[in-house]
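A short write-up of the structure that comes next.
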């Protein structure tokens with residue numbers, strides 16, 4: 001119960017600090033992942049965003065993430081396609097084994113909005129932390145997500161997605177913090 005109170009407080013703090021950005025809330029039967037992202041800078045090639053995320057699982061596992069990502073158009077020969085690269089740091093507390101995991105990951109993402117159906121979007125992202133940048137009780141970390149969304153309002157979208165977040169533990173087994181389908185909403189303000 002204390003973890004739930006902590007998550008609620010953290011979300012209120014982030015929402016109180018939010019000036020302009022995007023909130024993303026994805027839920028399944030077993031997990032809730034809340035994320036906030038805001039743009040740091042713009043250039044003629046794209047923009048740079050920072051992001052903050054907090055996940056809580058039914059198993060009382062807690063994950064926090066903080067990252068920076070550069071996003072831009074893939075090129076004039078691929079209208080509607082954007083890509084990005086970034087660095088994200090994860091901190092995880094696994095309740096049932098009392099393990100703690102930290103990882104600095106490199107990642108990439110792609111997002112496609114069909115020009116003729118511009119309310120529809122498809123995207124995927126992958127972050128990977130090898131042994132050298134993963135510490136605590138794990139030696140590898142992987143976070144994968146994909147989604148298909150529909151813009152209901154100009155500043156709000158609903159989506160269905162698949163998410164897999166896995167840590168390879170030092171003792172030789174994998175822990176899936178999340179693996180499965182979820183529903184979500186994204187709101188920009």
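The values are calculated or read from the model by the stated rules, or taken from the named source; none is laboratory data. Note that the structure is a prediction, hence the values are computed from the model and not measured. Counting neighbours? That spans all protein chains shown, and the Cβs are built from the backbone with ideal geometry, glycine included.
Which of the residues belonging to segment 83-96 are surrounded by 14 or more Cβ atoms within 10 Å (Cβ to Cβ) and either under 20 Å from residue 131 (Cα atoms) or over 17 Å from the mean Cα position of the chain (by Cα) (or both)? The answer is 86, 87, 88, 89, 90, 91, 92, 93, 94. The number of residues in segment 127-139 being closer than 13 Å to residue 102 by Cβ and buried (at least 19 other Cβ atoms within 10 Å of the Cβ) comes to 4. Within segment 164-189, the residues that satisfy the criterion of being within 15 Å of the chain's Cα centre (by Cα) and surrounded by fewer than 16 Cβ atoms within 10 Å (Cβ to Cβ) are 164, 179, 180, 181, 183, 185, 187. In segment 45-62, is there at least one residue being surrounded by fewer than 18 Cβ atoms within 10 Å (Cβ to Cβ), over 13 Å from residue 167 (Cα atoms) and in contact (Cβ under 8 Å) with a residue 40 or more places away in the chain? Scanning segment 45-62, I find at least one residue that is surrounded by fewer than 18 Cβ atoms within 10 Å (Cβ to Cβ), over 13 Å from residue 167 (Cα atoms) and in contact (Cβ under 8 Å) with a residue 40 or more places away in the chain, so the answer is yes.
Is segment 93-105 home to any residue that is over 22 Å from residue 178 (Cβ atoms) and out of contact with any helix residue (DSSP H, G or I) (no Cβ under 9 Å at 6 or more places or on another chain)? Checked segment 93-105: no residue is over 22 Å from residue 178 (Cβ atoms) and out of contact with any helix residue (DSSP H, G or I) (no Cβ under 9 Å at 6 or more places or on another chain). The listed residues are 146, 157, and the only one of them that is under 17 Å from the mean Cα position of the chain (by Cα), surrounded by 14 or more Cβ atoms within 10 Å (Cβ to Cβ) and within 20 Å of residue 67 (Cβ to Cβ) turns out to be 146. Taken over segment 137-189, the criterion of being at positive phi and at pLDDT 95 or above is satisfied by 180 alone.
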